[in-house]
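**Q** Can you keep this structure in mind? I'll have questions shortly.
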Amino acid sequence: MTIAYAVVDGVATIALDRPEVRNALNLEMCIALLDATERARKDPSVKVVFVRGNGQVFCGGADLKERQGKSEQWIRERRLKAFAAYEAIEALPMPCIALVHGAAIGSGVEISAACDFIVATPDVTFRTPEAQRGTVGATQRLPRILGKRLAKDMMFTGRALTAEQALAAGLVARIVTDLDAAAAELGAAILKAPPLAMRLGKRAIDRGIELDPKGAREAEIEAIEEQLASGQWMGKT
């Protein structure tokens, strides 16, 4: 088991579960993440998803030992599987929140950044050392979140962002001392909201941010029309 998956009262938790190797991302975990996100996506009872790591850290990065002796084709396919896992997290239709503690390195940054927002403990550090290790990664989401200059600083130098620095830069939404208490508070707030409004609002933001102002407005109008057609507009039910 590389992923622990559970659903309780409308809340799905996807936990990276290789604590003995700092939750290093390997091929098996990529496949398990794809399976877990698909289970959450298809489950009508799931209204919110939390992604977290078991053990001392959120995720220490890719499992570098796994690559030893592997062919270029294997490495290429393994990276594509990781990209698919990140994209599956990003594409979840319901709110998806990363609960990050300890360290998020490389793949850990990708996984947490693929969520809708990040809640972190004060001890968290974020690093993207791929280029310093002789590979390429974390070049797409971070520039969109942090801006290209800070993303390049992290890539070129291996610089770590503290929780406070990540909060100031917009990578982290909240810093908390107790992730379990924060998850309970966030879950309660989201669960009391109409699920369709949550999904349509998320979709409108995700689509709109990639469009020009006119296209973004049309994305919101489309969401409004769907909500009205559902009969679940505020005050109608």
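The values are calculated or read from the model by the stated rules, or taken from the named source; none is laboratory data. Here the structure is a predicted model, which means the values were calculated and not measured. Glycine gets a Cβ as well: all are built from the backbone with ideal geometry, and neighbour counts include every protein chain shown. Surface areas here come from the heavy atoms of the whole protein model, side chains and all, with no ligands, DNA or RNA. Shrake-Rupley method; radii C 1.70, N 1.55, O 1.52, S 1.80 Å.
**Q** Take each of the peptides 222-231, 35-44, average the number of other beta-carbon atoms within 10 Å over its residues, and list them starting from the highest.
**A** Descending packing order for the listed peptides: 35-44, 222-231.
**Q** Taking only protein heavy atoms and a 1.4 Å probe, what accessible area per residue, in Å², does segment 170-237 have with all protein chains in place?
**A** Dividing the accessible area of segment 170-237 by its residue count gives 66 Å².
**Q** Let me ask you something else. Taking 8 Å as the Cα distance limit and 6 or more residues as the minimum spacing, I'd like the relative contact order of the chain as a percentage.
**A** Computed value for the chain: 15 percent relative contact order.
**Q** When the helices in the chain are scored as -39500 (n - 2.57) per DSSP H run of 4 or longer and the sum is shared across all residues, what 222 nm value do you end up with, to the nearest 500 deg cm²/dmol?
**A** One gets -14500 deg cm²/dmol as the mean residue ellipticity at 222 nm.
**Q** If I stretch the segment between Ser45 and Lys148 completely, what's the gain in nm (0.36 nm per residue apart, minus their alpha carbon distance), one decimal?
**A** 33.2 nm
**Q** Taking Cα pairs under 8 Å and at least six residues apart, what relative contact order does segment 87-162 come out at, in percent?
**A** Contact order relative to length: 29 percent.
**Q** Most fluctuating residue of Arg199, Arg22, Arg217 in a GNM of the chain with Cα springs under 10 Å: which is it?
**A** Arg217
**Q** Name the long-range amide H neighbours of Val100: under 5 Å, sequence gap of 5 or more, or other chain; modelled H, no Pro or chain starts.
**A** Under 5 Å from the amide H of Val100 lie the amide H atoms of Val119, Ala120, Thr121, each far enough along the sequence or on another chain.
**Q** With a 1.4 Å probe and all protein chains kept in place, how much accessible area does Lys47 have, in Å² rounded to the nearest 10?
**A** Probe radius 1.4 Å; accessible area of Lys47 about 60 Å².
**Q** Which three extents, in angstrom, do the Cα atoms of the chain have along their principal axes, listed largest first?
**A** That gives 60, 39, 39 Å along the principal axes, largest extent first.
**Q** Based on the alpha-carbon gyration tensor of segment 1-76 and its eigenvalue square roots a ≥ b ≥ c, which shape applies: rounded if a/c is under 1.5, prolate if not and a/b is larger than b/c, or oblate?
**A** Note, shape of segment 1-76 comes out oblate.
**Q** Right, another one. Ignoring everything but the protein chains, give the 1.4 Å probe accessible area of Val7 in square angstrom, nearest 10.
**A** Only protein atoms counted, so the area is about 60 Å².
**Q** Now for a separate question. Student exercise: in the chain, how many lysine pairs 8 or more apart or on different chains have Cα atoms under 22 Å apart?
**A** The number of close lysine pairs in the chain is 12.
**Q** Can you tell me the relative contact order of segment 1-47? Whole percent, Cα pairs under 8 Å, sequence separation 6 or more.
**A** Relative contact order for segment 1-47 comes out at 42 percent.
**Q** According to the square roots a ≥ b ≥ c of the eigenvalues of the Cα gyration tensor, what is the shape class of segment 75-118, taking rounded for a/c under 1.5, prolate for a/b larger than b/c otherwise, and oblate for the remainder?
**A** Since a/c reaches 1.5 but b/c is at least a/b, the shape of segment 75-118 is classed as oblate.
**Q** Taking square-rooted eigenvalues a ≥ b ≥ c of the alpha carbon gyration tensor, is segment 1-129 rounded, prolate or oblate, where a/c under 1.5 means rounded and, failing that, a/b exceeding b/c means prolate?
**A** On the way: a/c = 1.85, a/b = 1.31, b/c = 1.42.
Since a/c reaches 1.5 but b/c is at least a/b, the shape of segment 1-129 is classed as oblate.
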